[in-house]
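Note sheet for the following structure.
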Amino acid sequence: MTEVIELTHLCGDCAKILTLGAELAAWRARGVDMIWAKDPKIWDQTAPVLFPVVGWTRDGRVRVGGGAYPLALHGFAWKKRFDVAERRDDYLRLALVDDAETRALYPFAFRFEVEFRLHAGALENSLIVANIDSRPLPYACGLHPAFRWPLAGSSSPHAIIFEKEERPEVPIIGPSGLFSKPIRKTPLIGRRLPLEPEMFTRDALCFLNIASHSLVFDNGEGARLAVTLEDFPHVGFWTLPPAHYLCIEPWTGHGDPEDFYGDLYQKPSMRILAPGERARHGAIFAFEREASVG
């Protein structure tokens with residue numbers, strides 16, 4: 001049975017997390033609902049957690065040591081029930097360890113933890129990967145939260161503002177979800193990416209190897225969601241027009257390139273974790289509002 005765990009902060013902020021998939025179901029910051037109210041007719045998720053791969057794999061499979069395993073879009077963590085490892089009023093740590101089902105998809109022993117910590121006006125969300133196998137562990141992980149768009153009820157144009165100037169080109173994602181060598185240009189100029197639903201009719205915008213360690217989702221009316229990244233080199237943006245959300249997705253890895261046929265250890269962007277090692281990747285989402293607004 002899926003449990004819904006509610007976190008609360010002394011400031012009045014709150015969040016709800018599902019043990020199924022360690023999915024963030026709701027977050028209210030400074031009196032504003034930040035996560036979209038899902039509509040199963042459009043998309044029946046709010047914030048899936050991505051592990052042990054990010055994006056699509058060729059033919060829905062990965063190859064390890066000469067064997068093929070049916071590991072498809074974004075891995076399996078978002079479909080697994082997590083155990084509660086630690087819980088306080090404003091903090092939650094959920095854990096997933098390998099089992100027979102996961103080893104049939106991904107033949108490694110691991111421990112994967114998802115942390116949530118409420119701060120005043122902010123939510124810290126971290127992913128911790130531990131290799132408990134005797135072999136090096138190839139993995140990718142990511143977050144996929146769907147924030148309300150428009151943000152805080154704004155009727156003005158929204159934009160993403162990066163910390164630093166970024167390349168405006170992103171890979172074209174093919175019909176099977178693979179990353180093509182051809183690229184397409186986005187309307188990004190310097191640090192500012194104006195947002196329009198039509199930008200996402202072809203698929204997500206995936207900015208790879210960004211220079212920025214932070215970005216802002218700006219609502220054009222003095223309110224913004226500031227995102228700080230810890231060891232996430234890629235970020236994707238995605239929605240299903242005309243749905244009222246924007247997914248801001250920090251990733252360590254990405255989908256299979258169209259010309260990649262190799263072993264998971266050789267896949268571009270995969271991390272390799274030595275036996276006994278742990279890695280941590282995190283994001284802080286902070287809702288900010290100008291004093292004159294509302």
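Tabulated values for the structure
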| quantity | calculated |
| --- | --- |
| Breaking point among (1) of a type in the set (D, E); (2) exposed (fewer than 14 other Cβ atoms within 10 Å of the Cβ); (3) modelled with pLDDT of 95 or more, for E198 | (3) |
| Which listed residue, of L193, L208, is out of contact with any Gly (no Cβ under 7 Å at 6 or more places or on another chain), farther than 14 Å from G255 by Cα and in contact (Cβ under 8 Å) with a residue 24 or more places away in the chain | L193 |
| Number of positions in region 18-39 that are surrounded by fewer than 24 Cβ atoms within 10 Å (Cβ to Cβ), over 13 Å from F147 (Cβ atoms), touching a residue at least 60 places away in the same chain (Cβ under 8 Å) and not charged (D, E, K, R) | 2 |
| Members of region 40-54 found to be under 18 Å from G75 (Cβ atoms), in contact (Cβ under 8 Å) with a residue 24 or more places away in the chain and assigned to a loop (DSSP other than H, G, I, E, B), listed by number | Q45, T46, A47, P48, V49, P52, V53, V54 |
| Within region 57-94, considering residues that are among the β-branched types (V, I, T) and out of contact with any helix residue (DSSP H, G or I) (no Cβ under 6 Å at 6 or more places or on another chain), the one surrounded by the most Cβ atoms within 10 Å (Cβ to Cβ) | T57 |
| Boolean, L118 is crowded, with 19+ Cβ neighbours inside 10 Å, in a strand (DSSP E or B) and out of contact with any Cys (no Cβ under 8 Å at 6 or more places or on another chain) | no |
| Within region 139-186, considering residues that are farther than 29 Å from D59 by Cβ and of a type in the set (D, E), the one surrounded by the fewest Cβ atoms within 10 Å (Cβ to Cβ) | E165 |
| Considering residues of region 55-90 that are in contact with a strand residue (DSSP E or B) (Cβ under 6 Å, 6 or more places away or on another chain) and of a type in the set (G, A, S) only, the residue nearest to H254 (Cα to Cα) | G75 |
| Region 10-29 - residue that is part of a loop (DSSP other than H, G, I, E, B) and out of contact with any helix residue (DSSP H, G or I) (no Cβ under 9 Å at 6 or more places or on another chain) and, of those, nearest to N219 (Cα to Cα) | D13 |
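The values are calculated or read from the model by the stated rules, or taken from the named source; none is laboratory data. Model, not experiment: these values are computed from the prediction. We place every Cβ from the backbone using ideal geometry, glycine too, and count neighbours over all the protein chains shown.
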